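The block underneath contains the structure these notes are about, expressed in structure tokens.
The values are calculated or read from the model by the stated rules, or taken from the named source; none is laboratory data. From a predicted model like this one, the values you see are computed outputs, not experimental measurements. Methodologically, a virtual Cβ is constructed for each residue, glycine included, from the backbone with ideal geometry; neighbour enumeration extends over all protein chains shown.
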Amino acid sequence: MEQEQNPWKTISGKIVYDNPWINLTEYQVMTPANTPGIYGKIHFKNIAVGIIALDEQGNTYLVGQYRFPLNEYSWEIPEGGCPEGTDILTSAKRELKEETGFEANQWTELLRMYLSNSVSDEYVVVFIAQDLVAGEAEPEDTEKLAIKKLPFATALEWVMEGKITDSITVAAILKWQLIQSKMLLK
């Protein structure tokens, strides 16, 4: 069998939960082994966006907040959602302004990835924002945020030490570090 052929067969599906951000569908399926089974899929109604904001001195800006699903505090790059039908870069610019107050004159796409493809279709696009212009943060009423300015090298240390565990932040910081390391080797 070709690797790219879909071995799953969907018999039926029903939405078992729905809100403005996600829905959960339970599917009756035939598994790759051709046995009956069920599969749950969480559909995200927004594309996730993340931003590594970098100033001229090599500092970055993390956002700290208490994450309800984890029941713990988390340090992350600025992140948010891009509603369907909205330009992804426009949403990233809005999120950076809302969460940090910064606007940026230079934007570079860093990565695109699925966040948990075994149970959801959540997708993220991460940007590097540079040539920053400071302003006032405008967080949503569901957010109580702290902003931390620190050298990018410290953010990388936090990833390596497990102080940062948010998947978007970990992937973005590691990829940017890898790109920078390769640039230094040339």
*Tell me, please, whether a residue that is assigned by TED's automatic domain parsing to the domain that holds Val133, more than 20 Å from Ser167 (Cα to Cα), surrounded by 12 or more Cβ atoms within 10 Å (Cβ to Cβ) and not polar (S, T, N, Q) can be found in the stretch 50-61.*
yes
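Take Thr86 and decide whether it is over 16 Å from the mean Cα position of the chain (by Cα), within 18 Å of Val170 (Cβ to Cβ) and not hydrophobic (A, V, I, L, M, F, W, C). Steps first, answer last, please.
On the way: over 16 Å from the mean Cα position of the chain (by Cα): yes; within 18 Å of Val170 (Cβ to Cβ): no; not hydrophobic (A, V, I, L, M, F, W, C): yes.
No: the conditions fail for Thr86.
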*In the stretch 124-136, which residue that is surrounded by fewer than 16 Cβ atoms within 10 Å (Cβ to Cβ) and of a type outside the set (D, E, K, R) is nearest to the chain's Cα centre (by Cα)?*
Gln130
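If we only count strands (runs of 3 or more DSSP E) wholly inside the stretch 72-186, which ones have 2 or more residues that are of a type in the set (D, E, K, R), at pLDDT 95 or above and closer than 14 Å to Ala53 by Cα?
Working: elements: 72-76, 79-83, 103-114, 123-133, 146-151.
It comes to 103-114, 146-151.
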*Any residue in the stretch 55-65 that is modelled with pLDDT under 95 and among the charged types (D, E, K, R)?*
no
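What residue, of Tyr39, Tyr73, is hydroxyl-bearing (Ser, Thr, Tyr), within 28 Å of Ile128 (Cα to Cα) and out of contact with any helix residue (DSSP H, G or I) (no Cβ under 9 Å at 6 or more places or on another chain)? Reasoning before the result, please.
On the way: Tyr39 fails: within 28 Å of Ile128 (Cα to Cα).
Checking each option against the conditions leaves just Tyr73.
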*Across the stretch 56-71, what is the number of residues that are touching a residue at least 24 places away in the same chain (Cβ under 8 Å) and not in a loop (DSSP other than H, G, I, E, B)?*
8
*For residues in the stretch 4-22 being of a type in the set (D, E, K, R) and loosely packed, with under 10 Cβ neighbours inside 10 Å, which is modelled with the lowest pLDDT?*
Glu4
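Taking the condition over 30 Å from Ile179 (Cα atoms), polar (S, T, N, Q) and surrounded by 11 or more Cβ atoms within 10 Å (Cβ to Cβ), does Gln28 pass? Before the answer, list the steps.
Details: over 30 Å from Ile179 (Cα atoms): yes; polar (S, T, N, Q): yes; surrounded by 11 or more Cβ atoms within 10 Å (Cβ to Cβ): yes.
Spelling it out, Gln28 is indeed over 30 Å from Ile179 (Cα atoms), polar (S, T, N, Q) and surrounded by 11 or more Cβ atoms within 10 Å (Cβ to Cβ).
Return the total of residues in the stretch 19-57 being of a type in the set (Gly, Ala, Ser) and under 28 Å from Asp87 (Cα atoms).
As a first pass, look at the stretch 19-57 and keep what is of a type in the set (Gly, Ala, Ser): 33, 37, 40, 48, 50, 53.
In the following step, the residues that additionally are under 28 Å from Asp87 (Cα atoms) were identified as 48, 50, 53.
Residues in the stretch 19-57 being of a type in the set (Gly, Ala, Ser) and under 28 Å from Asp87 (Cα atoms): 3 in total.
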*Test: residue in the stretch 97-105 that is under 26 Å from Gly135 (Cβ atoms) and of a type in the set (Gly, Ala, Ser)*: yes
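Got a number for residues in the stretch 98-133 being in contact with a helix residue (DSSP H, G or I) (Cβ under 7 Å, 6 or more places away or on another chain) and either hydrophobic (A, V, I, L, M, F, W, C) or in the same structural domain as Gly40 (by TED's automatic domain parsing) (or both)?
13
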_Restricting to the stretch 11-35, name every residue that is within 16 Å of Ser118 (Cα to Cα) and either among the hydroxyl-bearing types (Ser, Thr, Tyr) or in contact with a Leu (Cβ under 9 Å, 6 or more places away or on another chain) (or both)._
Thr25, Tyr27, Thr31
*Out of (1) assigned to a loop (DSSP other than H, G, I, E, B); (2) in the same structural domain as Ser118 (by TED's automatic domain parsing), what's the single condition that is false for Asn34?*
(2)
